[in-house]
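What follows is one structure encoded as structure tokens, with my remarks underneath.
The values are calculated or read from the model by the stated rules, or taken from the named source; none is laboratory data. All values derive from a computational prediction rather than experimental measurement. All Cβ positions, even for glycine, are placed from backbone atoms using ideal geometry, and neighbour counts span all protein chains on display.
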């Protein structure tokens, strides 16, 4: 299979490309910054295109004739409350993806997010009605609806994996565990964090990437699916386990940061549909 991966050098994308290549697929990798190729092990194993996909002058034919697209990037994260999510990224992504569909692409996997569920608590499943409370969640939910509207005119397979929380190599430096790693590496005596009682759903990024590849290898599946572990863990426990895995000792300054007002205290994903679709 020839797969076009947008955001190939990003946190998730670099692992998706690795997994695709390990399984024998042909990859065309797209990213904005060619210098980031130096950070990945597969730079000589793919066709690489450096471009900004939001440039309206891009010719869809420049990507060749892929069998499927995996679309991952979303500029501006982690600024979930920024109106640029709605005013800039949403329309730009829509017109780019629409251009590919009109050109004949029949299989799209586009990354969604657990933030589409909004402030709903507990175990979240795909049949629940989205109720986003951030511009980011609203933009993602709207993009899915726009693409579903295009399906009525140009039939294609649309896979919408709602990604929950991930950790691993390549993660944004301001994410929780990279901050903790820096504090440990710097020998800081204290790590400032929230109260840590919130329950979240975390998955190693390599596992999430493998799930995305299995989904794109299953073109008979069309629709929404949670990509998550299905197991809640408190943020405090996550931090404590990561600290122990580093054989480190650092005092946790719990409650230094307030809880976020756009996340419920306890939510995680129902992964049973994912397990069925990917035969895990």
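Structure notes:
- Within region 177-202, residues that are touching a residue at least 12 places away in the same chain (Cβ under 8 Å) and at positive phi have Cβ atoms under 8 Å from residues that are surrounded by 14 or more Cβ atoms within 10 Å (Cβ to Cβ) and in a loop (DSSP other than H, G, I, E, B) in these pairs: 196/254, counting only partners at least 6 apart in sequence or on another chain.
- Residues in region 146-185 that are in a loop (DSSP other than H, G, I, E, B) and touching a strand residue (DSSP E or B) at 6+ places or on another chain (Cβ under 8 Å): 156, 164, 168, 175.
- Taken as a whole, region 231-243 holds no residue that is touching a helix residue (DSSP H, G or I) at 6+ places or on another chain (Cβ under 7 Å) and either more than 19 Å from residue 167 (Cα to Cα) or not in a helix (DSSP H, G or I) (or both).
- The sole residue among 105, 163, 97 that is more than 28 Å from residue 83 (Cβ to Cβ), surrounded by 19 or more Cβ atoms within 10 Å (Cβ to Cβ) and either touching a helix residue (DSSP H, G or I) at 6+ places or on another chain (Cβ under 6 Å) or modelled with pLDDT of 95 or more (or both) is 105.
- Count of region 52-64 residues which are in contact with a strand residue (DSSP E or B) (Cβ under 9 Å, 6 or more places away or on another chain) and modelled with pLDDT under 95: 2
- In this structure, residue 127 does not qualify as modelled with pLDDT of 95 or more, more than 20 Å from residue 77 (Cβ to Cβ) and either in contact with a helix residue (DSSP H, G or I) (Cβ under 8 Å, 6 or more places away or on another chain) or in a helix (DSSP H, G or I) (or both).
- Test set (1) in contact (Cβ under 8 Å) with a residue 12 or more places away in the chain; (2) in a loop (DSSP other than H, G, I, E, B); (3) in contact with a helix residue (DSSP H, G or I) (Cβ under 7 Å, 6 or more places away or on another chain) - residue 5 fails condition number: (2)
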